[in-house]
Amino acid sequence: MYIKVCPHGQGGGDGPVNYLIRLDYPQRDESPPVILRGDADMTRNLIDAQTRQWKFTAGVCSWGPEDTVTPEQERRLMDDFERTAFAGLDPDQYNILWVRHSHAGHHELHFVIPRVELSTGKAMNAFPPGWQKTFDPLRDLHNIREGWSRPDDPARK
């Protein structure tokens, strides 16, 4: 499993949210997206309500086709991910939308985070420059513990 953050983050909430949940995408009729946490409309509205240039962060946790991921493993990863991304914040201070995709032949957990701290309205960036130093150990912990494929495995080059 690897964690990727997309370079997007400007514009309205329709783009990132609709990409995650829309059904009119190849193979999604057989394997539709599943919202695991969050509210798509709330996430979209929080993004749209901002006047900042950078309004959201979107990314994905993606597994190799040989990896099996259970709902319990998803829950543990999402919990640890949120504790890492939002360290020091209570759940009512941030918003995140989690959506499972399986239409591409492997397991993916997509996320969209409005870049706003909800109690103050101040800007919040869960993935500042150098974010990999924080999230790579999280990725490695889960890959090793669960026996998932690792992006740093030389055999996967």
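The values are calculated or read from the model by the stated rules, or taken from the named source; none is laboratory data. The model shown is predicted, which means the values in this text are computed figures rather than measured ones. Note: ideal-geometry Cβ built from the backbone for every residue, glycine included; neighbour counts use all protein chains shown. Quick note on the areas: whole protein, heavy atoms, side chains included, nothing else; ligands and nucleic acids left out. Shrake-Rupley method; radii C 1.70, N 1.55, O 1.52, S 1.80 Å.
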Odd one out for Arg75 among (1) closer than 23 Å to Gln132 by Cβ; (2) of a type outside the set (Gly, Ala, Ser); (3) part of a helix (DSSP H, G or I): (1)
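Yes or no, residue by residue, for (1) under 17 Å from His110 (Cβ atoms); (2) more than 15 Å from the chain's Cα centre (by Cα); (3) not in a loop (DSSP other than H, G, I, E, B):
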site	(1), (2), (3)
Ser31	yes, yes, no
Arg44	yes, no, yes
Thr51	no, yes, no
Val60	yes, no, yes
Gly64	yes, yes, no
Phe81	yes, no, yes
Filter pass, Glu72 being charged (D, E, K, R) and crowded, with 16+ Cβ neighbours inside 10 Å: no
All positions within region 36-65 that are of a type outside the set (A, V, I, L, M, F, W, C), modelled with pLDDT of 95 or more and loosely packed, with under 14 Cβ neighbours inside 10 Å: Asp39, Asp41, Thr51, Arg52, Gln53
Check on Thr134, among the hydroxyl-bearing types (Ser, Thr, Tyr) and surrounded by fewer than 11 Cβ atoms within 10 Å (Cβ to Cβ): no
Residues (under 26 Å from Phe81 (Cα atoms) and exposed (fewer than 13 other Cβ atoms within 10 Å of the Cβ)) located in region 21-33: Arg22
Qualifying positions in region 90-114 - at pLDDT 95 or above, out of contact with any strand residue (DSSP E or B) (no Cβ under 6 Å at 6 or more places or on another chain) and open to solvent by 50 Å² or more (accessible area, probe 1.4 Å): Asp90, Pro91, Asp92
Near pairs, Cβ below 7 angstrom, 6+ apart or cross-chain, from region 140-157 (at pLDDT 85 or above and surrounded by 14 or more Cβ atoms within 10 Å (Cβ to Cβ)) to any residue that is assigned to a helix (DSSP H, G or I) and of a type in the set (S, T, N, Q): Glu146/Gln73; Arg150/Asn143
Residues located in region 6-17, provided they are open to solvent by 60 Å² or more (accessible area, probe 1.4 Å) and at pLDDT 95 or above: Gln10, Asp14
